[in-house]
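Report on one structure; see the data block that follows.
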Amino acid sequence: MSRALEDGFGDILRKARFGLGLDQTKLAEITGLTADTINRFEAGLRTPTDAEAERLARALGLGVEAFKAIIHGWVPPEIDTGPYAVRTFRFASMDSNGYLVTGGGIATSLFVDPGDRPDELIAACIQAGGLDAVLVTHSHSDHVQALPELVNRFPEALVVGHEKALRRLALPGGVKAVAVTRDERVPIGSFELEVWESPGHSDDGVVFIAGNIAFTGDTLFAGSLGRSAQGPVTYERLLRSAQRLLALDERTVLLPGHGPVTTVALESVHNPFLAREGR
């Protein structure tokens, strides 16, 4: 069974409205709906009709057909991650994702965003044969809470993240780290990881690309995006970071910080923030 999206239509409305700096009253004026109606949509207490969805999407710069599809229940199908074995961990506090990655030329394993349950993560890494690196997409707590325990148990593991994120996390002395300040390629044994700066949801966000898979953190979710860190101040930055991912091969598998796995091809059609048709 396909996993539910991280964001429903109400979340998408709220994120787009916040990103554009609109309150419910202003959006009501633009769309001809009432502020109470918009509040009910955002709270999930009422579902927009297709006509209402089109008015809202056009006012917020969202893809109309993609937004309607989410209202009608679109979710991505189950997706094969190709040569990599990817085990997904879901952390209950904010339903964030962590990923243990093996295969595809990686000698032992990578862990992306160790959000919680350190004992379980350590046991999984031992079963996988060790831990080469911990990848941090950004420093928000729901993505890094188990990091201290992982680096304590695997002191030879390389920690890779944005320079701002690693500074905020105050890693213990002796930890080997790569602090990214621009787009870089990072060798991990015989394997090379591509790291892109990805600001907008946070100022310390990065995306990790390994062959045919990309770990998007909270830059992009299936059918949505993370929340703009500072509303209109960072919304365009967030959109550019997410849109950049669509330049990857359409078969690239996208593994987000929340919600189900998706692909570039699916998001180019089904993500209301990115889909171009029907705007």
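Do you know which of the residues in region 187-220 that are over 26 Å from Ala265 (Cα atoms) and modelled with pLDDT of 95 or more is least open to solvent (accessible area, probe 1.4 Å)? So, considering only residues that are over 26 Å from Ala265 (Cα atoms) and modelled with pLDDT of 95 or more, the one least open to solvent (accessible area, probe 1.4 Å) is Asp204. Based on this model, can you work out whether Asp7 counts as of a type in the set (Asp, Glu) and in contact with a helix residue (DSSP H, G or I) (Cβ under 9 Å, 6 or more places away or on another chain)? Against the criterion (of a type in the set (Asp, Glu) and in contact with a helix residue (DSSP H, G or I) (Cβ under 9 Å, 6 or more places away or on another chain)), Asp7 qualifies. Scanning region 145-161 for residues that are under 15 Å from Gly257 (Cβ atoms) and open to solvent by 10 Å² or more (accessible area, probe 1.4 Å) gives a single hit, Gln145.
Taking (1) in a helix (DSSP H, G or I); (2) open to solvent by 70 Å² or more (accessible area, probe 1.4 Å); (3) not acidic (Asp, Glu) in turn, Lys68 satisfies each apart from (2).
Evaluate the following for Leu166: is it touching a helix residue (DSSP H, G or I) at 6+ places or on another chain (Cβ under 7 Å), surrounded by fewer than 24 Cβ atoms within 10 Å (Cβ to Cβ) and not in a strand (DSSP E or B)? Criteria not met by Leu166. Screening Thr49 against (1) more than 30 Å from Ile188 (Cα to Cα); (2) in contact with a strand residue (DSSP E or B) (Cβ under 7 Å, 6 or more places away or on another chain); (3) of a type in the set (Ser, Thr, Tyr) leaves a single unmet condition, (2). Taken together, Val261, Val195, Val253 contain a single residue that is in contact with a Pro (Cβ under 8 Å, 6 or more places away or on another chain) and within 23 Å of Ala133 (Cβ to Cβ), which is Val261.
Consider region 221-236 and keep the residues that are touching a Ser or Thr at 6+ places or on another chain (Cβ under 9 Å) and within 22 Å of Gly98 (Cα to Cα). The one that is most open to solvent (accessible area, probe 1.4 Å) is Ala229. Scanning region 237-251 for residues that are open to solvent by 10 Å² or more (accessible area, probe 1.4 Å) and in contact (Cβ under 8 Å) with a residue 12 or more places away in the chain yields Arg237, Leu239, Arg240, Ser241, Gln243, Arg244, Leu246, Leu248, Asp249, Glu250, Arg251.
When the residues of region 1-58 are filtered to those that are among the basic types (Lys, Arg) and within 25 Å of the chain's Cα centre (by Cα), the one that is surrounded by the most Cβ atoms within 10 Å (Cβ to Cβ) is Lys15.
The values are calculated or read from the model by the stated rules, or taken from the named source; none is laboratory data. Just so it is clear, the structure is predicted and the values come from calculations on it, not from any experiment. Virtual Cβ from ideal backbone geometry, glycine too; neighbours counted across all protein chains shown. Calculation scope for accessible area: heavy atoms of the full protein, side chains included, ligands and nucleic acids excluded. Shrake-Rupley method; radii C 1.70, N 1.55, O 1.52, S 1.80 Å.
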